[in-house]
1. What are the residues in the stretch A:390-405 that are in contact with a Ser or Thr (Cβ under 7 Å, 6 or more places away or on another chain) and open to solvent by 90 Å² or more (accessible area, probe 1.4 Å), if any?
2. Got a sec? Which helices (runs of 4 or more DSSP H) wholly within the stretch A:204-323 have at least 3 residues that are of a type in the set (Gly, Ala, Ser)?
3. Filter the stretch A:127-144 for residues that are facing chain B (nearest Cβ under 7 Å) and open to solvent by 20 Å² or more (accessible area, probe 1.4 Å) and give the result.
4. Here are some residues: A:348, A:336, A:353, A:286. Which one is surrounded by fewer than 24 Cβ atoms within 10 Å (Cβ to Cβ), within 17 Å of the chain's Cα centre (by Cα) and touching a residue at least 60 places away in the same chain (Cβ under 8 Å)?
5. Among the listed residues B:90, B:62, B:107, identify the single one that is out of contact with any helix residue (DSSP H, G or I) (no Cβ under 9 Å at 6 or more places or on another chain), assigned to a helix (DSSP H, G or I) and at pLDDT below 90.
6. Could you identify the single residue in A:387, A:408, A:414 that is surrounded by fewer than 19 Cβ atoms within 10 Å (Cβ to Cβ), in contact (Cβ under 8 Å) with a residue 40 or more places away in the chain, out of contact with any Gly (no Cβ under 7 Å at 6 or more places or on another chain) and part of a helix (DSSP H, G or I)?
7. Restricting the stretch B:1-17 to residues that are among the hydroxyl-bearing types (Ser, Thr, Tyr) and in contact (Cβ under 8 Å) with a residue 12 or more places away in the chain, which is surrounded by the most Cβ atoms within 10 Å (Cβ to Cβ)?
8. With the checklist (1) farther than 30 Å from residue B:132 by Cα; (2) at pLDDT below 90; (3) open to solvent by 100 Å² or more (accessible area, probe 1.4 Å) in hand, flag the one item residue B:114 doesn't pass.
Amino acid sequence: MNTIIALTVLGVAILFLGILKKNSWLLPTILAGIPIVLILTITGWDTNRHYFNDMLIVDNYAVTFNSVMIFSTFLIFMFAGKYYHLVQRSLDDIYAIVIFALVGCVLMTSYGNLIMLFLGIETLSIALYILAGSHKESITSNEATLKYFLLGSFLSGFLLFGIALIYGASGTFNLDGINSYVINHASHLPPIFKAGLFLMIIGLAFKIAIVPFHFWAPDVYEGTPTLVSAFMVTVVKTASIIALFRLFSTSFSAVKELWEPTLAILAVLTILVGNFTGLYQTNLKRMLAYSSISHSGYMMLAVIAFSHSSANTLLFYAFAYSVATILAFGVLILVREAKGNDLFTSFRGLAKRNPVEAFSLSVAMLSLTGIPPLAGFFAKYYLFFTVMDKGYLWLMIIAIVGSAVSAVYYFKPVISMYLEEGQEFDLKAGVAYRMSLLFLAILTVLTGVLPFFLINLI
Amino acid sequence: MITRYLFYFLSILALYSAIMMLISRRQIHSVLYLTLAFFAIGGHYILLNAQFLAVVHIIVYAGAIMVLFLFTVMLLNLNTEQKSPKKMSAKIGAIVSGGMLMIVLIAILRTYDISMTHDPDLTQIGLIKNLGKVLYEDYLLPFEISSVLFLTAMVGAVLLGKKEQI
């Protein structure tokens, strides 16, 4: 609750700064405000409070996942100054909408009622439709926002229909209420409930971009302004996965045999399609889009292999994935500005003049592949261990195959940067930007070397 | 008894106008059929004793949104007969997937026990007094937090509507 109030106040404050024309104050206010929000969030640790008839539940899951998402947003805002440095007009509205989107994400991790879930998803989605189209003169940005808006609002209907059918069967929106209904009626659940469950899976799978509901994702992620894409593939993805996780672990865990095959097939399809299509990409941004699809498949495995440790696994995975992806996007922003595109050929010879950037991107790629001793390795290790522990050997084998395939495309930019000859050029990143890239790279290495801080948290 | 006949009449009207909305060649006819469908659904709400929902539905959907649709169609001068540009394969795919959803829904409703819904408390829930009590007691938090959603939408509308380029 504190988090939501503080974030909303921050967003409104940004809007007021925009009205007062204090444009140079915007980013400092955000970069100072988000850590305060983060501290307020962490004070909710171990309090386990339920607000307003269980509408909002601030338990340790919510606190940790909210912290990861708020921290990721902070990291993205570190790159905002550079990304928008040529823009003359005030950016208060864009920054405020990002923060309001974060409010939606926070609702999606800490809801205790399906109404709140839907409200969170809609707050997030409407903010993203606008952000995706915020580059008004760019034709790809227009395409992205139109595709996302049309499909997103259509699929929201599926989610809402699912919620309505579940309400029709159980008579409650409350997660615990649905859980007790499921326990009481486990042997003879009415078809209306089952249909509602699967419609909800469809709605949520669209928001996470799970195969076969992923067709919008590469185009939207590619067309959206790069900074917003970074937000979409990290914070938004984490929020949607956690929403799915909370729903299934709280409400539907008693009828696991009902939804488990569906989610398992979706996860396998996501891992395979995401990774194999990733092989054919020729530019980094689209490749990262497919990478995000395949990683959401891995995160789905933690939902399927539900046990007391899977929340922690998911936390570690979301953190490692978010940091590495934001790092990759940080370098991507520079290359796109210097070269005007992000084809792999544009990365040729980048390492000679820009060692920090090349090193950072390599760390990000290796972490996403899962090479030890980086954070991504331990994330995948714990995840596969959890999956194995619950006896899903075949899921683990497919996940490892997918991981091996992904190495091929993650290495493409690294090889281009270090081994291929190309025209030398300077990315002109500036000291502060380089420091943030290095900070993220060191964070990725440190999380990998010392994973024990995060792994026994919840 | 009369409510039963009204129910059948409104259902047939809603289905007919929804189908006509889809297959009309002129956009303006589609829009008008959609308005008719909204009115029919509003009638269903009244039959369910949900007066507030019925009024809001007619004001918002049949009123505001349809005016917006009509203005768009007229301003862009879209009132021409058009053949659907979709390919045959896309049409068949859409029919198959839509039909599958329909079969699933029919299968659900066929086995649904209607006697479950006869709860005397629930028939009064749609009255505005009860709705207000529920909204400001049980669902206060979602009601308040939706302000963030509306603020986002308003800021976004201004952002997208302004002439300034980024």
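The values are calculated or read from the model by the stated rules, or taken from the named source; none is laboratory data. The structure displayed is predicted, hence computed values, not measured ones. As a convention, Cβ positions derive from the backbone with ideal geometry for all residues, glycine included, and neighbour counts pool all protein chains shown. These area figures cover heavy atoms from the full protein model, side chains too; ligands, DNA and RNA do not enter into them. Shrake-Rupley method; radii C 1.70, N 1.55, O 1.52, S 1.80 Å.
1. Hit for the stretch A:390-405 is A:390, nothing else.
2. Filter on the stretch A:204-323 gives A:237-250, A:256-278, A:284-304.
3. Within the stretch A:127-144, A:135, A:136, A:137 qualify.
4. Testing whether each residue is surrounded by fewer than 24 Cβ atoms within 10 Å (Cβ to Cβ), within 17 Å of the chain's Cα centre (by Cα) and touching a residue at least 60 places away in the same chain (Cβ under 8 Å) leaves just A:286.
5. B:90
6. Working: A:387 fails: surrounded by fewer than 19 Cβ atoms within 10 Å (Cβ to Cβ); A:414 fails: surrounded by fewer than 19 Cβ atoms within 10 Å (Cβ to Cβ).
After applying the criteria, what remains is A:408.
7. Result: B:17.
8. (1)
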